[in-house]
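Some notes on the structure that comes next.
Coordinate-derived values only; no laboratory data. Just so it is clear, the model here is predicted, and its values are computed rather than measured. All Cβ positions, even for glycine, are placed from backbone atoms using ideal geometry, and neighbour counts span all protein chains on display.
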Ligand code: ZN
């Protein structure tokens, strides 16, 4: 499979070039190259738990965006990215320069709090418990097990998945709701599906293009080729 890697990256770059409505979907796998553990990857939290190994607490504070995050920000800056849906709470997409208006964080963001009353969102600050707008209670935006997902983020995710012509999954095993639902919606809308993930996903058979290689080996060169294609045109 590895010998046709260059060809598959070319194909991806070509599809990115032609796409009029690109949606990217990221899971924990994109942040493993920033030193954060994912869940079902080779050394993921659930994988370790199932092997009886320890599941160390994550230290998010020092994590920096990696070349995969930068490549997605590159897609945005080239005018290609319509919308980014992420399951990650690590803030690395915003840190890498993604426009908050183009981003849905389905599971919230560790660095943000929201007002329980008026839903105003702001950066978490030490000692700040009251909403500056209405005095309501500030609570974590992170969605724990059993909690409902943020409605606006969820609605936007469905809306853009329904409209896209290219849906690129990056570092998600697509097993939990609603992650498992977005590619289905995109496929129904006639979009092409690309999956970049080191483990299996339930959508592998339906993917138009599949990468099992590391994200850092795929996305940065694909975006570099896209940049060249765009230059040739102009
Ligand atoms: Zn408020």
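Out of 43, 38, 50, report the one residue that is on the phi < 0 side of the Ramachandran plot and buried (at least 21 other Cβ atoms within 10 Å of the Cβ).
Being on the phi < 0 side of the Ramachandran plot and buried (at least 21 other Cβ atoms within 10 Å of the Cβ) holds for just one of 43, 38, 50, which is 38.
Tally up the residues in the stretch 130-148 that are in a loop (DSSP other than H, G, I, E, B) and away from the ligand (no atom under 12 Å from the Cβ), please.
8
Of everything in the stretch 106-121, what is within 25 Å of the chain's Cα centre (by Cα), closer than 24 Å to residue 178 by Cβ and within 8 Å of the ligand (Cβ to nearest atom)? Give them in sequence order.
119
What pairs come up if the first residue lies in the stretch 84-95 and is on the phi > 0 side of the Ramachandran plot and in contact (Cβ under 8 Å) with a residue 24 or more places away in the chain, the second is surrounded by fewer than 22 Cβ atoms within 10 Å (Cβ to Cβ) and in a loop (DSSP other than H, G, I, E, B), and their beta carbons are under 8 Å apart, counting only those six or more places apart or on different chains?
91/60; 91/110; 91/111
Please specify each residue of the stretch 165-190 satisfying the condition of being under 20 Å from residue 13 (Cα atoms) and crowded, with 24+ Cβ neighbours inside 10 Å.
167, 168, 169, 170, 171, 183, 186
Would you mind stating whether residue 123 is in contact with a strand residue (DSSP E or B) (Cβ under 8 Å, 6 or more places away or on another chain) and without any contact (Cβ under 8 Å) to a residue 40 or more places away in the chain?
yes
Of everything in the stretch 149-191, what is touching a helix residue (DSSP H, G or I) at 6+ places or on another chain (Cβ under 6 Å) and part of a strand (DSSP E or B)? Give them in sequence order.
166, 167, 170, listed by residue number.
Looking only at the stretch 24-65, count how many residues are closer than 25 Å to residue 96 by Cα and in a loop (DSSP other than H, G, I, E, B).
Residues that pass the stated criteria total 19.
Here's the yes/no breakdown for (1) closer than 21 Å to residue 216 by Cβ; (2) away from the ligand (no atom under 16 Å from the Cβ):
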| position | (1), (2) |
| --- | --- |
| 55 | no, yes |
| 95 | yes, yes |
| 123 | no, no |
| 151 | no, yes |
